[in-house]
Each structure stands twice: as structure tokens, then as C-alpha cells.
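Quick notes on the structure that follows.
Every number here is computed from the coordinates shown, using simple stated rules; none is lab data. What you see is a predicted model, and the numbers here were worked out from it, not measured in a lab.
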């Protein structure tokens with residue numbers, strides 16, 4: 001018998017420590033709910049579990065992203081719904097104005113509503129926002145909706161510019177100064193409308209370089225003189241003269257047929273033909289002979305009276321030669337500064353033809369908005385399916401991760417009960433083992 005080393009007690013103590021450690025792990029798992037609390041519990045299981053956790057959290061955020069994307073699409077689509085309503089109203093007005101039961105005053109009133117509706121279409125396009133992002137002005141292009149847990153799992157969405165100019169129901173120009181815009185690189189200045197002048201009489205002198213009205217006043221308005229210059233006057237001697245050429249053999253005779261027309265412009269140059277498109281006569285002898293002809297002398301000194309049916313000139317922006325660049329009923333550049341963009345022109349329903357043509361223009365705009373709304377609706381439906389799929393994936397991955405990492409409470413409780421009983425038994429046996437050396441005392445008595 002030995003008292004220096006109680007082998008039985010040492011063995012019992014070792015088993016007691018092991019049982020208490022196992023019971024401690026059981027308590028840790030039961031209290032935390034996880035059977036993997038540290039890498040040592042299950043190194044491979046921990047690595048797999050953490051990857052699954054990354055996927056689960058990514059799927060949850062992707063589902064939130066998809067929901068936010070649907071909210072954005074609903075915002076844009078809701079605004080376009082109102083744009084559609086405006087276009088339908090504009091179409092009603094165009095159809096109404098196409099009927100000749102309307103007089104000019106009626107159509108001008110209809111045009112005023114059209115102008116306001118066009119302005120509202122543009123306002124909707126510039127003011128519709130989601131999280132401070134413009135949605136309908138053309139800036140929202142090739143945007144990415146990230147709807148997956150991993151990189152590259154996304155879809156693209158673009159929303160077109162739905163302003164009045166982009167839809168073709170208005171024009172866009174750059175403001176150079178109040179009252180002046182630049183269209184296609186050409187300056188145009190706003191001018192008020194001038195009324196039609198039916199059969200107005202204008203007299204021209206000096207071969208058409210100066211025009212006077214019926215009261216004898218010189219006409220300076222280039223919008224009128226430009227039209228007059230393009231008219232064919234009833235008294236053609238103002239512009240052209242037809243004469244027999246000098247007799248053959250005479251001094252300065254020319255080799256023209258006696259049936260040829262000779263035209264002399266305001267600078268005294270002669271042309272073979274009835275206007276300046278004919279061949280210019282450059283021979284000095286021929287020119288001298290023509291100037292000596294009485295027919296030409298009479299032609300260039302005779303003033304003519306021209307009956308002109310002037311068309312009504314619309315209010316709008318005219319270039320330097322008074323050619324209408326953009327029609328408009330209001331000066332849209334008032335209050336604007338250089339560099340601003342303005343909506344101008346577009347269709348005009350103040351005439352039957354203009355109203356009739358406007359119907360087709362509006363139909364095209366309606367089709368464009370319908371196409372965009374269809375695209376948005378398709379994207380929204382896709383995202384709703386995406387959310388459902390993400391939810392199912394999250395559920396399945398969570399179940400898989402739970403099987404790897406979560407504690408089976410029933411099984412762990414059984415293990416804890418076993419280890420706890422073993423610990424109690426070991427404690428009892430340790431007490432018995434510690435009593436064994438007491439037998440030595442009997443030998444020492």
C-alpha cells in the first residue's frame with residue numbers, strides 16, 4: 001500500500017474534470033443556442049456556416065433593394081400616368097379644334113390650354129424625383145438595381161426623357177437673351193403677330209427696290225417686303241422687258257433671236273432670259289446696244305402696282321431674314337437668362353390643318369409614354385418575382401445554416417444530464433478513493 005501516490009484518486013479526479021468540462025460545454029450550447037460557439041467546436045462547420053450567413057444577409061438586403069426599386073418605379077409610373085392623362089386631354093382639344101364650327105377666337109382659347117398642358121408635361125418630367133434623383137428628365141439612364149447576394153447580380157433600368165420637347169409636342173431652344181433664342185445655331189428674336197392683309201396694294205419703284213403702301217408710305221417691315229419680293233407682279237415691266245434685238249447689221253448689233261427675252265436687274269446688268277437665272281451678258285458692245293434700246297428705257301422707269309394677298313404672320317421667333325424659326329403664342333424667354341433651356345413651338349391648333357396634324361403628333365407621344373410605362377410595369381413585375389425568390393432562398397439557406405450551427409436543445413439536454421450524473425458519480429468515487437490510504441493507519445498501530 002502506498003500513500004505518496006493515490007492512483008485511484010488521480011484517475012477519478014481526471015474523469016471528474018473531463019465530465020465537468022463536457023457538462024460545461026453542454027451548458028454553453030444550451031445557453032447560447034449554438035452548437036458551434038468557437039472554431040474549435042467544428043472548424044469545417046464554422047467555415048460553411050459563416051459563408052451561409054453571408055449569403056443570408058446578402059439575400060435579405062437584396063430583397064430590401066428590390067423593394068426600394070419597386071418604390072422608385074411606382075413613383076415614376078405614377079407621374080407618367082398623369083402625363084398620359086394630359087396627353088389624352090390635349091388630343092381631345094386637337095380633335096375639337098379640327099372642326100370648322102370653331103372660329104379663330106375659339107381655337108386661340110383652345111391653344112392657350114394646350115400651351116399650359118405642354119408646360120405641365122415638362123414640369124412633371126423635371127420635378128419627379130426619388131431620393132433626390134430626377135426620374136423623367138433623361139438623367140435616369142442605365143441605372144443598376146442590385147438584387148442578388150453576390151457581385152454582378154443586378155438588372156439595368158433606364159427611363160426616357162418625357163418632357164414636352166422629348167415627346168415631340170414642343171421644341172427646345174437655348175436662351176441667348178430675353179426675347180432671343182438660338183435654334184439650330186441660328187439666332188431668332190420674338191415678334192408679335194401681324195394680321196393678314198387681303199389684296200393690299202403696294203407700289204414699287206426703281207425696279208422693285210422700294211415698296212410703298214396704298215397711303216404712299218415706304219414699306220420697311222421686312223416681313224412684308226420679303227413676301228412682296230417673292231410675289232409675281234401683275235405688271236411684269238417692273239422687273240422684266242421683252243424687246244426685239246437691234247436690227248442685224250446695225251451698230252452694236254447682238255446675235256440674239258428677236259424672240260429672246262432680255263432681263264435687266266436693278267444694278268443695270270442684262271441677262272438673257274426673264275430673270276437673273278439667265279445668262280449674264282458681259283460683252284460691252286451688246287450692253288451698249290441694249291441700253292440704247294427704247295424698250296428697256298421704258299421698262300426701268302415704269303412703276304407698277306402689285307396686288308398681294310399677304311398671309312397672316314404668326315407670333316414667334318424670327319431670324320435675321322424674318323423667316324419664322326419657331327412659332328409660339330407667348331414670349332417664353334421672359335424671365336430667363338442666357339444658357340437656359342426653354343420649350344418653344346410644337347404643334348399649333350389655331351388652324352384646322354394644324355389641329356388635324358396635331359392629332360397624329362399627340363398619338364405618337366401617347367405611344368411613347370405607353371411604351372415607357374409598359375417597360376416600368378414589366379420591371380416592377382419582375383422585381384416582385386425576384387422578392388419572392390429571394391425570400392425562398394433565404395428560408396432554405398437559413399434552415400441549412402441552422403442544421404449546421406444551431407443547438408439541438410433536446411439532444412444537448414440529454415448529453416448535459418449524462419455528463420452531470422457522471423460528474424456527480426466521479427465526485428462520489430473521488431471521495432471513496434481518498435479514503436483508501438486510511439487503511440495504512442491500521443498497519444501502523
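At a glance:
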{"read-out": "Gain in span if fully extended, residue 284 to residue 367, counting 0.36 nm per residue against the direct Cα distance", "value": "23.2 nm"}
{"read-out": "Quotient of C-alpha Rg and 2.2 N^0.38 Å, computed over the range 343-445", "value": "3.31"}
{"read-out": "Full-stretch length increase - residue 352, residue 417 - with 0.36 nm per residue and alpha-carbon distance subtracted", "value": "13.7 nm"}
{"read-out": "The range 26-91: radius of gyration and largest Cα-Cα distance (Dmax), Å", "value": "24.6, 78"}
